[in-house]
Each structure stands twice: as C-alpha cells, then as structure tokens.
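**Student:** Pasting a structure here, questions to come.
The values are calculated or read from the model by the stated rules, or taken from the named source; none is laboratory data. Since the model is a prediction, treat every value here as computed from it, not as a measurement. Glycine also receives a Cβ, built like all others from the backbone with ideal geometry; neighbour counts cover every protein chain displayed.
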C-alpha cells in the first residue's frame, strides 16, 4: 500500500465496514482535535471509545475513558492514534494484540515501521489522515462548508438510519 495517497474506495470501505473506534490519546479538553473527532464520529453513528491512561474512569465526550486498549473488554475495529509518530509503534502492537482491524494514524502521525507491522498482521493502515475529514469529504458534507472535496455532484447526501447522516458515504463510481 502506498501510504502517501489512498484511493477513496479504500477509505470509504473502512468507514462503512467498521463501527467501533478506539481513540488513543483522547483529551478532555474540548478544544483538542481528539475531542471533536470523538464527538463527530459518535454523531455519525460510530461507537467511540476514548483511551487515555491519565483519564481512565472519567467521562469525556459523553463516553467513559479506558486507560488502555487492553482494558476495553470488547471488540474494536479501528484504533485511531492521536499520539506522536514515535508512540504509534507501541500502540500498533497493542492494537494487534486486541484484534483490531484497522490502524488509523491522525494528521501529522506517520510511522512506516508500525504500518509494516500492522499490514503483516493483516490490518489495514491509514496514516496522516483524519476520519472526520475523510467522512465529511466522501459524504459530500464537507463541500457545504466551502471546502473542495474533489467530489462534484448535484445529488443530496444520502441519509442513514433514523433520518440522520450516519455512516452513509456516497460512492461516486
């Protein structure tokens, strides 16, 4: 996999087929990117689990924080890493141990050794991207805010269950 560019179909597949996100490096500060990414993903119908050793047991973004991936106690699909690039390798090792399916390293986070390790273990990998931004871009939602999503369509965004935009991404093929 070329980790400098990702086909839209690759990102779309991850966002459509995986429902449980563990956000490693979750912050209780409402101005931090990890906080609003958790709130956004939860609003789109994802099951979001904040992970932070210093905040374990507290409630952040309406979710109880767990201190580590190993302590989640239920299946996790995507491990979203809000830690620095050096920390990504250890987080990836832990994600493999708990049976995660995807390693997603946030904008500014890239660790090629961690990516190789994850791919050798059968996981999908995304680096230097944000699931919130990718969801918005692929659903057409981000285009309403004046951002070029590289997707041009006269179709309205598709609605998910219960009338909300929940995990429904347009396929422009």
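**Student:** Do we have residue 136 as at pLDDT below 95, buried (at least 20 other Cβ atoms within 10 Å of the Cβ), closer than 22 Å to residue 30 by Cα and under 19 Å from the mean Cα position of the chain (by Cα) here?
**Tutor:** Yes; evaluated as a whole, the condition is true for this residue.
**Student:** If you take the residues in the stretch 93-109 that are surrounded by 16 or more Cβ atoms within 10 Å (Cβ to Cβ) and either closer than 22 Å to residue 133 by Cα or modelled with pLDDT under 95 (or both), which one is nearest to the chain's Cα centre (by Cα)?
**Tutor:** Here the residue is 104.
**Student:** Given 26, 61, 88, which one is modelled with pLDDT under 95, in contact with a helix residue (DSSP H, G or I) (Cβ under 6 Å, 6 or more places away or on another chain) and under 19 Å from residue 133 (Cβ atoms)?
**Tutor:** Exactly one of 26, 61, 88 is modelled with pLDDT under 95, in contact with a helix residue (DSSP H, G or I) (Cβ under 6 Å, 6 or more places away or on another chain) and under 19 Å from residue 133 (Cβ atoms), namely 61.
**Student:** Restricting the search to the stretch 4-29, which residues are farther than 20 Å from residue 66 by Cβ and surrounded by fewer than 16 Cβ atoms within 10 Å (Cβ to Cβ)?
**Tutor:** Correct list: 4, 5, 7, 9, 10, 13, 16, 17.
Conditions tested, residue by residue: (1) in contact with a strand residue (DSSP E or B) (Cβ under 6 Å, 6 or more places away or on another chain); (2) within 20 Å of residue 37 (Cβ to Cβ); (3) in contact (Cβ under 8 Å) with a residue 60 or more places away in the chain; (4) not in a helix (DSSP H, G or I).
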| site | (1), (2), (3), (4) |
| --- | --- |
| 86 | no, no, no, yes |
| 89 | no, no, no, no |
| 92 | yes, yes, no, no |
| 96 | no, no, no, no |
| 104 | yes, yes, yes, yes |
| 108 | no, yes, no, yes |
| 117 | no, no, no, no |
| 125 | yes, yes, yes, yes |
| 129 | no, yes, yes, yes |
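**Student:** Look at residue 67 and say whether it is out of contact with any strand residue (DSSP E or B) (no Cβ under 7 Å at 6 or more places or on another chain) and under 28 Å from residue 140 (Cα atoms).
**Tutor:** In short, no.
**Student:** Now, a different point. Which of the residues that make up the stretch 38-56 are farther than 11 Å from residue 25 by Cα and out of contact with any strand residue (DSSP E or B) (no Cβ under 7 Å at 6 or more places or on another chain)?
**Tutor:** 39, 40, 43, 44, 45
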